[in-house]
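Note sheet for the following structure.
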Amino acid sequence: MRSIHTDKAPKAIGPYVQGNIVNGLLFASGQVPLNPETGDVTGTTIEEQTQQVLKNIAAILAEVGSDFDHIVKTTCFLKDMNDFVAFNEVYATAFTNHLPARSAVEVARLPKDVLIEIEIIAMVNE
């Protein structure tokens, strides 16, 4: 197992890593809409926050030489399922050739009271 880290995605805000690679798969920690340079929440709408989360995920994928087309599975945690349609419109822009399997659930609360958190499992070349 190999842990990964990039300064282009937010630092872990607890006792965990940005991701671990095991047997050609990246298991990335959930990403919230934090600006990696300031640590502040980016955006107030589900669209703005989802865009930042996708940027953070892209940075982690780039660190391991992968991209959105190699994501196998996502788990999406929404603060309010009423935001699902707006979230989905932004989320869909990240995928061009391949759609991952996905779970999407509403949760009572997320870190820093954000509106969205997404975790991924992706294929990588080791």
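The values are calculated or read from the model by the stated rules, or taken from the named source; none is laboratory data. This is a predicted model, so every value here is computed, not measured. Ideal geometry is used to build each Cβ from the backbone, glycine not excepted, and the neighbour counts take in all protein chains shown. In case anyone asks, the SASA skips ligands and DNA or RNA and just uses the protein heavy atoms, side chains included. Shrake-Rupley method; radii C 1.70, N 1.55, O 1.52, S 1.80 Å.
The number of residues in the range 61-76 that are closer than 13 Å to Ile120 by Cβ and in contact (Cβ under 8 Å) with a residue 60 or more places away in the chain comes to 2. Residue count for the range 10-25 satisfying the condition of being free of Cβ contacts under 8 Å to residues at least 40 places away in the same chain and farther than 20 Å from Met123 by Cα: 5. For the range 83-121, a tally of residues being over 23 Å from Leu26 (Cβ atoms) and either out of contact with any Lys or Arg (no Cβ under 9 Å at 6 or more places or on another chain) or of a type in the set (D, E, K, R) (or both) returns 10. Considering the range 43-60, and only residues there that are without any contact (Cβ under 8 Å) to a residue 40 or more places away in the chain and closer than 17 Å to Thr6 by Cβ, the residue that is surrounded by the most Cβ atoms within 10 Å (Cβ to Cβ) turns out to be Gln52. Within the range 72-123, being part of a strand (DSSP E or B) and surrounded by fewer than 12 Cβ atoms within 10 Å (Cβ to Cβ) holds for Ala101, Ser103, Val105. The C-beta contact set for the range 77-92 (first residue over 13 Å from Val53 (Cβ atoms), second residue acidic (Asp, Glu) and outside any helix (DSSP H, G or I), distance under 7 angstrom, 6+ apart or interchain) comprises Asp80/Glu106; Met81/Glu106. Note on the range 13-35: residues that are out of contact with any helix residue (DSSP H, G or I) (no Cβ under 7 Å at 6 or more places or on another chain), of a type outside the set (S, T, N, Q) and in a loop (DSSP other than H, G, I, E, B) amount to 5.
Within the range 1-42, work out how many residues are open to solvent by 20 Å² or more (accessible area, probe 1.4 Å), polar (S, T, N, Q) and within 18 Å of Lys112 (Cα to Cα). Total satisfying the criteria: 4.
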